[in-house]
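Here the structure comes first, spelled out in structure tokens, and everything after it is commentary.
The values are calculated or read from the model by the stated rules, or taken from the named source; none is laboratory data. For clarity, every value in this text was computed on a predicted model and none was experimentally measured. Counting neighbours? That spans all protein chains shown, and the Cβs are built from the backbone with ideal geometry, glycine included. To get the accessible areas, we keep the full protein, side chains included, count just its heavy atoms, and leave off ligands, DNA and RNA. Shrake-Rupley method; radii C 1.70, N 1.55, O 1.52, S 1.80 Å.
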Amino acid sequence: MTDLATIPFGRWRRLPTPLVVGGVLVITLLAVAGLAQWIAPYPYDQMHVRDRFAPPGLRYLAGTDEYGRDVFSRLLFGSQLSLALGVTATLISMGIGVPLGLIAGYRRGLTDELIMRTLDVMMAFPPIMLVLLILAVTPPSLVKTSVAIGVLAVPPIARVTRSVTLDLMSGEFIEAARARGERLRYILMRELLPNIWPVLMVEASLRVVFAVLLGAVLSFLGFGVQPPAADWGLMIANGRAFVDTAPWISLAPGLAMSLTVIGISLLGDGLRGVLDPKLDGR
Amino acid sequence: MTGYVVQRLGAVLIILVAMSILVFLATHALPSNAAALILGQYSTPGMQAALEHKLGFDQPLHLQYWHWASQMLQGDMGLSFEMERPVAPMLWDALSRSAVLALSSMAVVSTVGLALGVIAAVWRGRWPDHAASVFTYLGISLPEFYWGLVFILVFGSLLHLLPSSGFVSLSGGVGPFLAHLIMPVATLTLTLLAHVARLTRSSMVEALESMYVRVARARGLPERRVILRHALRNALIPSITVLAQDFGFLIGGIVAVETVFAYPGLGRMLVTALERQDLPVMQAAILVLTAVYCVANLTADLLYAVANPRIRYGGAID
């Protein structure tokens, strides 16, 4: 476990390729999501009735769908939804999972048992069943999908946090902080958390990927974001009926999704390589 | 060990009971009126009240649950609202078709995944390693339903090689039976492969650097034997566990893949029931899938204990 600041400059200079490629992809994604309003050639829901099923070309870069909506513009707007879902879900799971893991690892004993056994019970339920059940019995919305996916990822995040905390507990800096009479909040937030966050960053990148993919499956099945939203999963689902005649409707959002997922995973992998040299080459 | 198994079985039972309560409550929180759904749009409030009485929906919730749960335990899953047929036989048929899909996928995933992992470890850092990692990356970078669509486009619509949807039972001939399975199995395999392949690779890398492998090489054993008999045997333990865990993931994957390929399994049955708010089918399908998931997890843990005698269950393990 290394803190970012303590990594010698030389190791930053020869950045591993995955980190660079992943970083570029993620920055592009963020830029696209942020600038979609301005760089998209058309509004995401504008229908060009005369140009239905237009193949990719100069006028419509990625073709149009069954309503004549520009697929490329919808892709750009879709990045906002995917990113919002991935980031919100991950923030929720980290917001709950990290404190739980910290407390369980720090207090140990009964508190630890209580927290971890409760999480074990949560993990014993098949995840997709829970989400489907929640989303099917209540009206769908992006926020609810994010919360459902976020809550699902609480147990693994708490577990990782706890195991790293347990490792750190034997460190002298914890003993020193205790001897100084620091408050629990200070020890958790100022002493433990900064040492855990490199691991958490890697875990978070995994979780964003997981959330984006699960969100796509849910909207594909019809339990996620609802039409006419420009959601990638939804776009793939819509294009299913025209996969023979107008494959671009489904293929283009899939390509966008894979670039997103590959970018975030590479970034996570690259970060792990830099932060934890022991894992190099594994 | 026996104590551990009993304890775990008890946990599975508790989870099933909890899930049944959850499913029961959730489905009763549904916005739609079940009686109106069954009787159709021309029913009168009087007819709906009469049917609700007949179905027992006017009784207190705990009585309804008790009634429902005891029928479930006797294998009576009620009547489907949508099709007005008993749920149980439909569900067992669908489950058996899903099992065919799941088990064939697991067989392919374990052979291909182990092989890829071993190849990547043996040629570590060279092109076979890179090729394997690109291949596995591709698989997990897209959701399974997307790969399903790509397969349908390429092998169904463009090349006309394989049927792109449906299912043919074995009595319809071995050829058509297999042909309908190839694309769904390939889709599931692609998305599950990465986990096993990567884990096998890293434990193989470790094993290949170990003393016992160096000793085996020093004794002049052929490399093939060193890799397969000495290294792989020891590297297998984590891979076996992860395979059993993946079986749980498979259940999620199956829901999407069956929908894409219009494969008449339990996953598709569940999605249809959720869409049409067919309560009895929904409840039964979720419970059965939960049970399968719990048993798969239990098997994973037990396999781990059997394969790795260093683990002693019952004591504190951190």
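Of all the listed residues (A:LEU271, A:LEU266, A:LEU218), the sole one being more than 9 Å from chain B (Cβ to nearest Cβ) and at pLDDT 85 or above is A:LEU218.
Among the criteria (1) open to solvent by 20 Å² or more (accessible area, probe 1.4 Å); (2) within 14 Å of chain A (Cβ to nearest Cβ), the one B:ALA235 does not fulfil is (1).
I'd like to check something: does the stretch A:226-234 contain any residue that is at pLDDT 85 or above, within 20 Å of the chain's Cα centre (by Cα), within 11 Å of chain B (Cβ to nearest Cβ) and open to solvent by less than 20 Å² (accessible area, probe 1.4 Å)? Scanning the stretch A:226-234, I find at least one residue that is at pLDDT 85 or above, within 20 Å of the chain's Cα centre (by Cα), within 11 Å of chain B (Cβ to nearest Cβ) and open to solvent by less than 20 Å² (accessible area, probe 1.4 Å), so the answer is yes. Can you find a residue that is over 22 Å from B:PHE155 (Cβ atoms), open to solvent by 10 Å² or more (accessible area, probe 1.4 Å), at pLDDT 85 or above and not basic (Lys, Arg) anywhere in the stretch A:240-252? Scanning the stretch A:240-252 turns up no residue that is over 22 Å from B:PHE155 (Cβ atoms), open to solvent by 10 Å² or more (accessible area, probe 1.4 Å), at pLDDT 85 or above and not basic (Lys, Arg). The residue of the stretch A:1-35 that is farthest from the chain's Cα centre (by Cα), among those that are surrounded by 12 or more Cβ atoms within 10 Å (Cβ to Cβ), modelled with pLDDT under 80 and hydrophobic (A, V, I, L, M, F, W, C), is A:ILE7. Being in contact (Cβ under 8 Å) with a residue 24 or more places away in the chain and open to solvent by less than 50 Å² (accessible area, probe 1.4 Å) is the requirement here; does A:LEU200 meet it? Taking the combined requirement at face value, the residue satisfies it. For the stretch A:101-115, the set of residues classified as among the hydrophobic types (A, V, I, L, M, F, W, C) and surrounded by fewer than 21 Cβ atoms within 10 Å (Cβ to Cβ) consists of A:ILE103, A:LEU110, A:LEU114, A:ILE115, listed by residue number. Tell me yes or no: at least one residue of the stretch B:250-266 is assigned to a helix (DSSP H, G or I), under 15 Å from B:VAL185 (Cα atoms) and without any contact (Cβ under 8 Å) to a residue 24 or more places away in the chain. There is at least one residue in the stretch B:250-266 that is assigned to a helix (DSSP H, G or I), under 15 Å from B:VAL185 (Cα atoms) and without any contact (Cβ under 8 Å) to a residue 24 or more places away in the chain.
Answer yes if at least one residue in the stretch B:177-193 is within 13 Å of chain A (Cβ to nearest Cβ), in contact with a Ser or Thr (Cβ under 9 Å, 6 or more places away or on another chain) and β-branched (Val, Ile, Thr), and no otherwise. The answer is yes, given that some residue of the stretch B:177-193 is within 13 Å of chain A (Cβ to nearest Cβ), in contact with a Ser or Thr (Cβ under 9 Å, 6 or more places away or on another chain) and β-branched (Val, Ile, Thr).
Within the stretch B:135-147, being surrounded by fewer than 22 Cβ atoms within 10 Å (Cβ to Cβ) and either more than 10 Å from chain A (Cβ to nearest Cβ) or part of a loop (DSSP other than H, G, I, E, B) (or both) holds for B:PHE135, B:GLY139. How many of the residues in the stretch B:148-166 are under 26 Å from the mean Cα position of the chain (by Cα) and not in a helix (DSSP H, G or I)? Total meeting the criteria: 5.
Condition (residue is surrounded by 19 or more Cβ atoms within 10 Å (Cβ to Cβ), in a helix (DSSP H, G or I) and in the same structural domain as B:LEU162 (by TED's automatic domain parsing)) applied to the stretch B:63-71: is it met by at least one residue? No; the residues of the stretch B:63-71 include none that is surrounded by 19 or more Cβ atoms within 10 Å (Cβ to Cβ), in a helix (DSSP H, G or I) and in the same structural domain as B:LEU162 (by TED's automatic domain parsing). Out of curiosity, is B:PRO128 over 19 Å from B:VAL255 (Cβ atoms) and open to solvent by less than 40 Å² (accessible area, probe 1.4 Å)? Spelling it out, B:PRO128 is indeed over 19 Å from B:VAL255 (Cβ atoms) and open to solvent by less than 40 Å² (accessible area, probe 1.4 Å). Restricting attention to the stretch A:179-196, which residues are outside any helix (DSSP H, G or I) and of a type in the set (Val, Ile, Thr)? Selection gives nothing.
Note on the stretch A:121-178: among residues that are within 16 Å of A:LEU221 (Cβ to Cβ) and part of a loop (DSSP other than H, G, I, E, B), the one that is farthest from the other protein chains (Cβ to nearest Cβ) is A:SER141. Scanning the stretch A:209-219 turns up no residue that is of a type in the set (A, V, I, L, M) and surrounded by fewer than 18 Cβ atoms within 10 Å (Cβ to Cβ). Looking at the stretch B:175-188, is at least one residue in the same structural domain as B:VAL255 (by TED's automatic domain parsing), at pLDDT 85 or above, of a type in the set (S, T, N, Q) and surrounded by 14 or more Cβ atoms within 10 Å (Cβ to Cβ)? Scanning the stretch B:175-188, I find at least one residue that is in the same structural domain as B:VAL255 (by TED's automatic domain parsing), at pLDDT 85 or above, of a type in the set (S, T, N, Q) and surrounded by 14 or more Cβ atoms within 10 Å (Cβ to Cβ), so the answer is yes. Counting residues in the stretch B:217-226 that are in the same structural domain as B:GLY139 (by TED's automatic domain parsing) and in contact (Cβ under 8 Å) with a residue 40 or more places away in the chain gives zero. What is the one condition in (1) open to solvent by less than 10 Å² (accessible area, probe 1.4 Å); (2) under 18 Å from the mean Cα position of the chain (by Cα) that B:ALA273 does not satisfy? Evaluating B:ALA273 over (1) open to solvent by less than 10 Å² (accessible area, probe 1.4 Å); (2) under 18 Å from the mean Cα position of the chain (by Cα) leaves (2) as the failure. Within the stretch A:98-133, the set of residues being over 15 Å from A:VAL160 (Cα atoms), within 26 Å of the chain's Cα centre (by Cα) and among the hydrophobic types (A, V, I, L, M, F, W, C) comprises A:VAL121, A:MET122, A:ALA124, A:PHE125, A:ILE128, A:MET129, A:LEU130, A:VAL131, A:LEU132, A:LEU133. Checked against (1) surrounded by 16 or more Cβ atoms within 10 Å (Cβ to Cβ); (2) within 13 Å of chain B (Cβ to nearest Cβ); (3) β-branched (Val, Ile, Thr), A:THR118 meets all criteria but (1). For the stretch B:103-118, check the following and say yes or no: at least one residue is modelled with pLDDT of 80 or more, in a helix (DSSP H, G or I) and touching a Lys or Arg at 6+ places or on another chain (Cβ under 6 Å). Yes, the stretch B:103-118 contains at least one residue that is modelled with pLDDT of 80 or more, in a helix (DSSP H, G or I) and touching a Lys or Arg at 6+ places or on another chain (Cβ under 6 Å). The listed residues are B:ALA285, B:ALA244, and the only one of them that is open to solvent by less than 40 Å² (accessible area, probe 1.4 Å), aliphatic (A, V, I, L, M), under 23 Å from B:ASN297 (Cα atoms) and more than 14 Å from chain A (Cβ to nearest Cβ) turns out to be B:ALA244. Selection of the stretch A:208-250 for residues being of a type in the set (Gly, Ala, Ser), outside any helix (DSSP H, G or I) and either free of Cβ contacts under 8 Å to residues at least 12 places away in the same chain or within 17 Å of A:VAL261 (Cβ to Cβ) (or both) yields only A:GLY224.
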